[in-house]
Amino acid sequence: PPSTQFNSNQPSPHHGEYCLYFGRISPEKGLKTLIKAFIKLNTGVDLVIIGRSYDNHKEELLHLIPPKFSKRIHFHEFMESDQLSIWIQHALFSVVPSEWYDNAPLSILESYMGKAPVLGSDIGGIPELIQNGQTGRLFKPANIISLKNGLELMLADKQNLNKMGEKAYQLVNGELSLKQHMAKLLTLFDSVRTS
């Protein structure tokens, strides 16, 4: 069962009790698909959703949750970065179920900074940030079965999640770091200038 601390704005101190979505709560973010996939799982972990709701989308999502899952799917309002980072660090992994062409979701990089691997939809710039099987996994966007399968794969080997989290942390501090990004931009500008 979830910790009583789920009722506050603090996560359980025990790593591994929940998977996490954080970001805008709006239709294009794929939360309907996420909830429909999650309630098909046979697992003891919880789902935590953190963010600001737009156009009453949270109310629509609450109607999708059957009574037996009402204590396993938790909503929290928008949080400042310090508080949010604690939730990320304690999560098994985060989920980015976008159904629109997200360019480069910061939630992936924030997850990596917290050593949380990411299960993300294979759309837009998301697959460029997730090394499938290394720093997380990809699933077909807006596909309940594909997302359910992805959740099951992530949850099947919790030891591997720790390894993925470490690789994700190394990636965000190496290849995806600001320093590396600036170096690539300067190289690109040089090549344009000299051509």
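The values are calculated or read from the model by the stated rules, or taken from the named source; none is laboratory data. Treat the numbers as computed from the prediction; the structure is a model and nothing was measured. Virtual Cβ from ideal backbone geometry, glycine too; neighbours counted across all protein chains shown. The area values use the complete protein model at the heavy-atom level, side chains included, leaving out ligands, DNA and RNA. Shrake-Rupley method; radii C 1.70, N 1.55, O 1.52, S 1.80 Å.
Give the ranking of 48, 192 by solvent-accessible surface, highest area first, calculated with a 1.4 Å probe.
Largest to smallest exposure gives the sequence 192, 48.
Stokes-Einstein at 10 °C, 1.306 mPa s, Kirkwood radius from Cα pairs: D for region 63-113 in µm² s⁻¹?
The calculation lands on 120 µm²/s.
List every residue whose amide H lies under 5 Å from the amide H of residue 137, counting only residues 5 or more places away in sequence or on a different chain, with H placed 1.01 Å from N in the peptide plane.
Under 5 Å from the amide H of residue 137: 118, 119, 120.
Which lysines does residue 148 reach when only Cα atoms under 22 Å apart count, and residues fewer than 8 places away in its own chain are ignored?
Here the lysines satisfying the reach criterion relative to residue 148 are 29, 32, 36, 40, 58, 68, 71, 140, 158, 163.
Sort the following peptides by mean Cβ neighbour count (other Cβ atoms within 10 Å, averaged over residues), highest first: 51-62, 19-30, 141-152. Before the final figure, lay out each step's value.
Values: 51-62: 14.8, 19-30: 20.7, 141-152: 18.6.
Highest mean packing first, the order is 19-30, 141-152, 51-62.
For residue 125, list long-range residues whose amide hydrogen, built 1.01 Å from N in the peptide plane, is under 5 Å from its own amide hydrogen.
Hits under the 5 Å cutoff: 102, 103.
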